[in-house]
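The values are calculated or read from the model by the stated rules, or taken from the named source; none is laboratory data. The structure presented is a predicted model; accordingly, all values stated were derived computationally and were not measured. All Cβ positions, even for glycine, are placed from backbone atoms using ideal geometry, and neighbour counts span all protein chains on display. When the accessible area is computed, the model is the full protein with side chains, heavy atoms only, and any ligands, DNA or RNA have been set aside. Shrake-Rupley method; radii C 1.70, N 1.55, O 1.52, S 1.80 Å.
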Amino acid sequence: MIGGGLAGLAAGVALAESGWRVRLFEQRPFLGGRATSYVLPDGEHVDNCQHVTLGCCTNLDDFYRRVGSANKIKFFDRLLFLDPQGRRGEMQAGMLPAPFHMTGSFAKFAPLTLKDKFSIARAMLAILRSSGHPRDLDEASAISMLEWLRRQRQTKGAIERFWRVVLVSALDEELDKTDARYGIDVFWKAFLSNRSGYRMGVPIVPLAELYDGCKRAIEAKGGEVQLRCPVRGIHIDDGAITAVKFDSDREESANAYIFAVPHTTFAEILPPEIRRAEPAFRNLQNLKDAPITGVHFWFDREVTSEPFITLLDTTTQWVFNKTALYGPAVNGENGKNKTKGQYLQLVISASYDLLQKPRQEIIDLCLKEVRQALPAARDANLVKATVIKEATATFSPEPGVDRWRPKQETSIRKLFLAGDWTATGWPATMEGAVRSGYLAAEAVQRAGGTPQTFLRPDLGADGLVTLWA
Ligand SMILES: Cc1cc2nc3c(=O)[nH]c(=O)nc-3n(C[C@H](O)[C@H](O)[C@H](O)COP(=O)(O)OP(=O)(O)OC[C@H]3O[C@@H](n4cnc5c(N)ncnc54)[C@H](O)[C@@H]3O)c2cc1C
């Protein structure tokens with residue numbers, strides 16, 4: 001295994017459990033890749049960026065169970081939205097069966113007008129009637145989500161205060177640059193086909209602590225995890241990979257090799273003639289990046305009791321109350337984070353406009369928005385703040401992007417790929433990364449002549465949806 005992000009860990013743990021002696025090489029001193037955390041010089045534990053999962057992420061859930069981390073994710077049934085005028089909206093399943101489980105909270109959703117709601121209901125019906133696959137998705141050239149919403153005659157309010165709010169966070173891209181297939185899938189899998197797909201799971205520990213069990217699982221089967229161990233190149237002989245190269249002329253050989261590194265890194269590691277000759281590798285250069293910016297605020301007092309809030313019509317999209325989310329083990333007297341007061345983490349997906357802005361300007365902008373949304377923050381002092389810009393957070397799910405995503409099995413014998421950017425049918429998410437790892441592990445098992453299934457099925461339809469889905 002080359003790469004100790006979620007994709008590499010998922011493949012490594014699955015194969016170790018199947019009896020392989022897995023050797024995992026990770027270039028950094030810790031595991032988790034993009035979904036990890038680290039310690040600031042003052043001892044504060046911060047996530048690279050807040051990460052959340054949803055009830056419909058069945059493979060990530062399976063992975064957390066395998067490595068003993070499922071109890072470190074807390075699921076919430078209620079999503080809270082707040083606009084600058086102070087109007088609140090909630091999304092929460094009520095008594096009715098799917099697909100009507102959200103009807104009650106949707107009817108009361110104050111930031112949307114009646115006209116917005118009717119137009120949203122019309123589009124939802126189109127998704128429902130087609131079981132998540134409207135005919136527009138079969139057109140020869142893929143259409144954007146914005147184009148599909150226009151065809152569904154969505155109001156400006158519905159687009160800005162509903163579709164955009166949910167999808168930019170879920171897919172890290174603006175609606176005009178998102179393949180409609182991905183956008184529609186989010187609503188089908190998370191909000192329509194069953195009652196629990198939308199439930200939001202938030203880690204209650206710093207992200208790096210979710211992977212403690214991975215090393216143990218691999219070592220328990222005779223394998224090993226080597227950190228600070230970047231792979232620099234590969235040997236290919238007669239159409240098969242024969243070794244990976246490290247610093248100081250070190251080389252290692254194996255029966256199978258899974259590369260679970262970012263696609264740009266994999267392209268650099270490949271010998272140039274192979275990268276140019278093989279379309280699946282050549283196409284990697286067509287994958288574009290999308291940014292996410294995380295803003296961390298430490299206030300001298302509590303400014304909200306909500307675990308998380310979505311802000312409407314502002315640059316800041318989500319506010320996570322890290323103090324409330326982290327358990328006493330993190331915050332308590334002897335906990336890791338000793339700051340008194342309250343720690344909030346703000347998330348801004350598809351944050352193209354912020355990439356060039358100075359950090360102080362971003363802090364000032366977000367602080368103003370937080371103080372507007374949370375009256376208690378107006379008198380509170382900001383003790384410290386930090387901004388983490390991830391320019392290459394995810395690949396952009398632009399229309400037709402799937403044609404650039406390679407399968408986990410490659411044309412080079414014994415060489416397999418994993419990573420959220422490989423062909424999983426899912427966008428760049430932790431669920432997508434784990435799926436890619438499981439698919440790579442399945443490909444290795446197949447090549448070894450002992451096929452095995454690791455991939456978990458999607459959440460099934462429930463309620464009235466079972467009548468036609
Ligand atoms: C800011 C941000 C916020 C996000 N929020 C969410 C969210 O809320 N929910 C969600 O589901 N997803 C979210 N994501 C996406 C999610 O983090 C990724 O989809 C997922 O972690 C990708 O995992 P991966 O294993 O495919 O890749 P990576 O995590 O990138 O792992 C690749 C690993 O390979 C290692 N590596 C690189 N080069 C080498 C080399 N030469 N030799 C050895 N090792 C090497 C890297 O150090 C890394 O550990 C977010 C991403 C970012 C950046």
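Just a few scattered comments:
- Picking from residues in the stretch 55-90 that are assigned to a helix (DSSP H, G or I) and away from the ligand (no atom under 16 Å from the Cβ), the one that is surrounded by the fewest Cβ atoms within 10 Å (Cβ to Cβ) is Asn71.
Per-residue answers, yes or no, for (1) of a type in the set (Ser, Thr, Tyr); (2) within 15 Å of the ligand (Cβ to nearest atom); (3) outside any helix (DSSP H, G or I); (4) more than 14 Å from Tyr257 (Cα to Cα):
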residue: Pro406; (1), (2), (3), (4): no, yes, yes, yes
residue: Ala423; (1), (2), (3), (4): no, yes, yes, yes
residue: Trp426; (1), (2), (3), (4): no, yes, yes, yes
residue: Glu431; (1), (2), (3), (4): no, yes, no, yes
residue: Arg435; (1), (2), (3), (4): no, yes, no, yes
residue: Glu442; (1), (2), (3), (4): no, no, no, no
residue: Gly449; (1), (2), (3), (4): no, no, yes, yes
residue: Phe454; (1), (2), (3), (4): no, no, yes, yes
residue: Thr466; (1), (2), (3), (4): yes, no, no, yes
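- Positions within the stretch 19-54 being open to solvent by 20 Å² or more (accessible area, probe 1.4 Å) and touching an Asp or Glu at 6+ places or on another chain (Cβ under 6 Å), in sequence order: Arg23
- Looking at Gly463, Gly449, Gly425, just one residue is in contact with a His (Cβ under 8 Å, 6 or more places away or on another chain) and surrounded by fewer than 19 Cβ atoms within 10 Å (Cβ to Cβ), and that residue is Gly463.
- Contact map, the stretch 147-167: residues that are in contact (Cβ under 8 Å) with a residue 60 or more places away in the chain paired with residues that are of a type in the set (D, E, K, R) and in a helix (DSSP H, G or I), Cβ distance under 9 Å, separation 6+ or inter-chain. Pairs shown: Arg161/Asp116.
- Helices (runs of 4 or more DSSP H) wholly inside the stretch 232-304 containing at least 3 residues that are within 16 Å of the ligand (Cβ to nearest atom) and surrounded by 15 or more Cβ atoms within 10 Å (Cβ to Cβ): 263-269
- Residue ID - nearest to Leu6 (Cα to Cα), chosen from residues in the stretch 349-398 that are in a loop (DSSP other than H, G, I, E, B) and open to solvent by 40 Å² or more (accessible area, probe 1.4 Å): Leu355
- Of the listed requirements (1) modelled with pLDDT under 95; (2) part of a strand (DSSP E or B), Asn334 misses just one: (2).
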